[in-house]
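The values are calculated or read from the model by the stated rules, or taken from the named source; none is laboratory data. What you see is a predicted model, and the numbers here were worked out from it, not measured in a lab. Neighbour counts run over all protein chains shown; Cβ positions are idealised from the backbone, glycine included. Heavy atoms of the whole protein, side chains included, go into the accessibility calculation; ligands, DNA and RNA do not. Shrake-Rupley method; radii C 1.70, N 1.55, O 1.52, S 1.80 Å.
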Amino acid sequence: MLILGIETSCDETAASVVEDGRKILSNVVSSSIRYHKKLGGVVPEIATRHHVENIDKVVARSLEKAGAAIEDIDVVAVTQGPGLVGALLSGISFAKSLAFGLGKDFIAVDHLRAHIYSALMQDGAPGFPFIGLVISGGHTRLCLVRDYDDFVLLGDTLDDAVGEAYDKVAKILGLGYPGGPVIDKLAKDGDPAAIKFTCRPINGSLDFSFSGIKTAVLYYVKQHGIRNTDGGIRDIVASFQEAVLKVIAGNSLKALEKYKLKALVVGGGVSANSRFREMIKREAMFRDFKVYFPALQLCSDNAAMVAGLAYRLHRKGVRSGLDITARV
Ligand code: KG4
Ligand code: ZN
């Protein structure tokens, strides 16, 4: 079965053709990030405009790359949310029109569940249930995942999401947008124990709060300045990153223990982070559980995960009506 996935939740206009939920025939992403970089963060109006202007070309390119004609597509799938409302609506309207015009099934997919699914698109994926961890620009969320359509929320973002904290710290340090990849790289040569930034788990809960540590970095920089040597910035980002990632790893371990599960499935932009992968893989070895990450090209927003998850939902009989709208 061929599914065309469309994803426009934030600054990536993406389309993908996936066969039977896992075989990615094309995965086209057109990012508007170059326009946002100058402004230090995603501007919703610019992102939406980019989607509206490019979605038809991105879809055409994904079909061409997959060697498929539009008539060959069995289902049209789209990200329903969460995301930026205008951005989501541009993809949803396009996908609905396509499904209606072609007389194909239509499925609206949850963005965060699709991030988790991206780690299940390779060989050796775990069976249900498992603990799902979404670490992205908009969310830090732990779930008990019982099926493709059965997620129980265990812990969530209370203020800044982890990716947002990376982006804000990068902005404070003048490192540009997005902050995650550059901090990941710089931190490799920094001392994670150089500065004591506190980031504590919230007592008795699996929720996450990262706005405090972001402010701590801001005050540190105000007080000490950014020393003009590379080591200065490297130590700051390594110390920030270590504190944040330890809380995420800690809560994930607590969730695994609480539900006596042996599999952790991670997704979202921050799941590309090299230090987090290293940290959690070491824990997995010592504590005898398995951790599953998406392929690097599937960590950030993409439409392959949308088409992939839609296949699983379609097999369970799920169909969406053309009256659905964005879920921000
Ligand atoms: O999943 P995603 O593409 O979009 C959302 O759904 O939010 O995630 C984007 C986030 C950004 O905040 C970006 O800074 C972060 O993922 N990110 C990273 C890395 N690569 C991207 N954070 C830490 N380390 C990375 N290597
Ligand atoms: Zn995302």
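Which ones in segment 245-276 are part of a helix (DSSP H, G or I), in contact with a helix residue (DSSP H, G or I) (Cβ under 6 Å, 6 or more places away or on another chain) and either of a type in the set (A, V, I, L, M, F, W, C) or within 11 Å of Pro201 (Cα to Cα) (or both)?
Leu245, Ala249, Val270, Ala272, Phe276 - these are the residues of segment 245-276 that are part of a helix (DSSP H, G or I), in contact with a helix residue (DSSP H, G or I) (Cβ under 6 Å, 6 or more places away or on another chain) and either of a type in the set (A, V, I, L, M, F, W, C) or within 11 Å of Pro201 (Cα to Cα) (or both).
In the list Leu173, Leu153, which residue meets the criterion of being touching a residue at least 24 places away in the same chain (Cβ under 8 Å) and either more than 16 Å from ligand 2 (Cβ to nearest atom) or not assigned by TED's automatic domain parsing to the domain that holds Gly267 (or both)?
Leu173
Of the conditions (1) in the same structural domain as His51 (by TED's automatic domain parsing); (2) farther than 26 Å from Asp160 by Cβ, Ile324 clears all except one; give me its number.
Among (1) in the same structural domain as His51 (by TED's automatic domain parsing); (2) farther than 26 Å from Asp160 by Cβ, the lone unmet condition for Ile324 is (1).
Only one of these conditions is not met by Ala125: (1) more than 16 Å from ligand 2 (Cβ to nearest atom); (2) farther than 23 Å from Ala272 by Cα; (3) at pLDDT 95 or above. Which number is it?
The single condition Ala125 does not satisfy is (2).
More than 26 Å from Leu296 (Cα to Cα) and under 22 Å from the mean Cα position of the chain (by Cα), is that true of Ile226?
Judged against the criteria, Ile226 is not a match.
Six or more apart or on different chains, Cβ under 9 Å: which pairs go from a residue in segment 4-17 that's closer than 12 Å to Ala47 by Cα and open to solvent by 10 Å² or more (accessible area, probe 1.4 Å) to one that's polar (S, T, N, Q) and within 10 Å of ligand 2 (Cβ to nearest atom)? Could you list them?
Here the result reads Glu12/Ser300; Glu12/Asn302, each pair linking segment 4-17 to a residue that is polar (S, T, N, Q) and within 10 Å of ligand 2 (Cβ to nearest atom).
Filter segment 308-321 for residues that are open to solvent by 80 Å² or more (accessible area, probe 1.4 Å) and either within 16 Å of Tyr117 (Cα to Cα) or in contact with a helix residue (DSSP H, G or I) (Cβ under 6 Å, 6 or more places away or on another chain) (or both) and give the result.
Selection gives Arg315, Lys316.
One line per residue, one yes/no per condition, for (1) away from ligand 1 (no atom under 16 Å from the Cβ); (2) modelled with pLDDT of 95 or more; (3) among the aliphatic types (A, V, I, L, M); (4) more than 18 Å from the chain's Cα centre (by Cα):
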site: Val59; (1), (2), (3), (4): yes, yes, yes, yes
site: Val75; (1), (2), (3), (4): yes, yes, yes, yes
site: Ala87; (1), (2), (3), (4): no, yes, yes, no
site: Leu98; (1), (2), (3), (4): yes, yes, yes, yes
site: Ala119; (1), (2), (3), (4): no, yes, yes, no
site: Ile135; (1), (2), (3), (4): no, yes, yes, no
site: Thr140; (1), (2), (3), (4): no, yes, no, no
site: Leu144; (1), (2), (3), (4): yes, yes, yes, no
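For segment 183-212, enumerate the residues that are within 14 Å of ligand 1 (Cβ to nearest atom) and open to solvent by 40 Å² or more (accessible area, probe 1.4 Å).
Correct list: Lys185, Lys188.
Within segment 276-304, how many residues turn out to be touching a residue at least 40 places away in the same chain (Cβ under 8 Å) and either more than 20 Å from Lys254 (Cβ to Cβ) or exposed (fewer than 13 other Cβ atoms within 10 Å of the Cβ) (or both)?
10
Kindly establish whether Arg327 is open to solvent by 50 Å² or more (accessible area, probe 1.4 Å), without any contact (Cβ under 8 Å) to a residue 24 or more places away in the chain and not in a helix (DSSP H, G or I).
Here the answer is no, as Arg327 does not meet what is asked.
Taking segment 28-67, which residues are over 15 Å from Asn302 (Cα atoms) and part of a loop (DSSP other than H, G, I, E, B)?
Those that are over 15 Å from Asn302 (Cα atoms) and part of a loop (DSSP other than H, G, I, E, B): Lys38, Leu39, Gly40, Gly41, Val42, Val43, Gly67.
Applying the selection to segment 226-263, what residues are within 30 Å of Arg146 (Cα to Cα), open to solvent by 50 Å² or more (accessible area, probe 1.4 Å) and either at pLDDT below 95 or not acidic (Asp, Glu) (or both)?
Lys246, Lys254, Lys258, Tyr259, Lys260, Lys262
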